[in-house]
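The values are calculated or read from the model by the stated rules, or taken from the named source; none is laboratory data. Everything numeric here is computed off the predicted structure, so don't read it as measured data. Here Cβ is always computed from backbone atoms with ideal geometry, including for glycine, and neighbour counts include all displayed protein chains.
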Amino acid sequence: MDALYTAVATANGRDGRAVSSDGQIDLPLAFPTALGGDGKGTNPEQLFAAGYAACYASALGLVGRQAKVDTGEISVTAEVGIGDDGDGFALKVTLRVELPENLSGSVGEDLVHKAHQVCPYSKATRGNIPVDLVIE
């Protein structure tokens, strides 16, 4: 694959900073309080959730356009959980998709599942971490 764009960021651990090469991201990192930290910074799970939600929403718009369906206002909330799966730390994801009223029923469900097939984050996680799709 030839990359059309490459994002570059550097971090120095969960209690440090994350900085992108173009300076658009420059954030303090901290363990969340649920993991014993002070919570005075973002964390990798929040960053992953934001990226996945944005990417999936774009994929949903794409499959809607391909199907000639007006997707209107789409909202995707990604919940990224981290815990011990018995073999060390692991992630799980729930994608909560809010569809406009005109996409209720099977049309919306079909688009949600098609988006999961084309979203690069979904492709990267497939077979690696559980991802639940919830239509709200």
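Taking interchain pairs and intrachain pairs at least six residues apart, which have beta carbon atoms under 7 angstrom, with the first residue in the stretch 94-105 and within 11 Å of Glu79 (Cα to Cα) and the second of a type in the set (S, T, N, Q)?
Arg96/Thr77
Leu4 - would you say it is out of contact with any strand residue (DSSP E or B) (no Cβ under 6 Å at 6 or more places or on another chain) and modelled with pLDDT of 95 or more? Spell out the reasoning first.
On the way: out of contact with any strand residue (DSSP E or B) (no Cβ under 6 Å at 6 or more places or on another chain): yes; modelled with pLDDT of 95 or more: yes.
In short, yes.
For residues that are among the charged types (D, E, K, R) and under 17 Å from the mean Cα position of the chain (by Cα), scanning just the stretch 89-120, find the one that is surrounded by the most Cβ atoms within 10 Å (Cβ to Cβ). I'd like the intermediate steps shown before the answer.
From the stretch 89-120, those among the charged types (D, E, K, R) are 92, 96, 98, 101, 109-110, 114; that's our starting set.
Among the residues that remain, those that are also under 17 Å from the mean Cα position of the chain (by Cα) are: 92, 96, 98, 114.
Working: Lys92: 15, Arg96: 15, Glu98: 14, Lys114: 17.
In this case the residue turns out to be Lys114.
Keeping to the stretch 111-126, report how many residues are out of contact with any strand residue (DSSP E or B) (no Cβ under 7 Å at 6 or more places or on another chain) and within 20 Å of Glu45 (Cβ to Cβ).
6
Among the residues of the stretch 42-93, which ones are hydrophobic (A, V, I, L, M, F, W, C), touching a helix residue (DSSP H, G or I) at 6+ places or on another chain (Cβ under 8 Å) and not in a loop (DSSP other than H, G, I, E, B)? Walk me through it before giving the result.
Step one: list which residues in the stretch 42-93 are hydrophobic (A, V, I, L, M, F, W, C), which gives 47-50, 53-55, 57, 59-60, 62-63, 67, 69, 74, 76, 78, 80, 82, 89-91, 93.
Remaining after also requiring touching a helix residue (DSSP H, G or I) at 6+ places or on another chain (Cβ under 8 Å): 55, 59-60, 62-63, 67, 69, 74, 76, 78, 80, 82, 91, 93.
Cys55, Ala59, Leu60, Leu62, Val63, Val76, Ala78, Val80, Ile82, Leu91, Val93 - these are the residues of the stretch 42-93 that are hydrophobic (A, V, I, L, M, F, W, C), touching a helix residue (DSSP H, G or I) at 6+ places or on another chain (Cβ under 8 Å) and not in a loop (DSSP other than H, G, I, E, B).
For the subset of the stretch 29-45 comprising residues that are touching a residue at least 12 places away in the same chain (Cβ under 8 Å) and either among the hydrophobic types (A, V, I, L, M, F, W, C) or farther than 22 Å from Leu91 by Cβ (or both), which member is surrounded by the most Cβ atoms within 10 Å (Cβ to Cβ)?
Checked the stretch 29-45; the qualifying residue surrounded by the most Cβ atoms within 10 Å (Cβ to Cβ) is Leu29.
Restricting the search to the stretch 59-88, which residues are under 11 Å from the mean Cα position of the chain (by Cα) and of a type outside the set (Val, Ile, Thr)?
At the first step, the residues of the stretch 59-88 found to be under 11 Å from the mean Cα position of the chain (by Cα) are 76-80.
If the condition is that a residue be under 11 Å from the mean Cα position of the chain (by Cα) and of a type outside the set (Val, Ile, Thr), then Ala78, Glu79 are the ones that fit.
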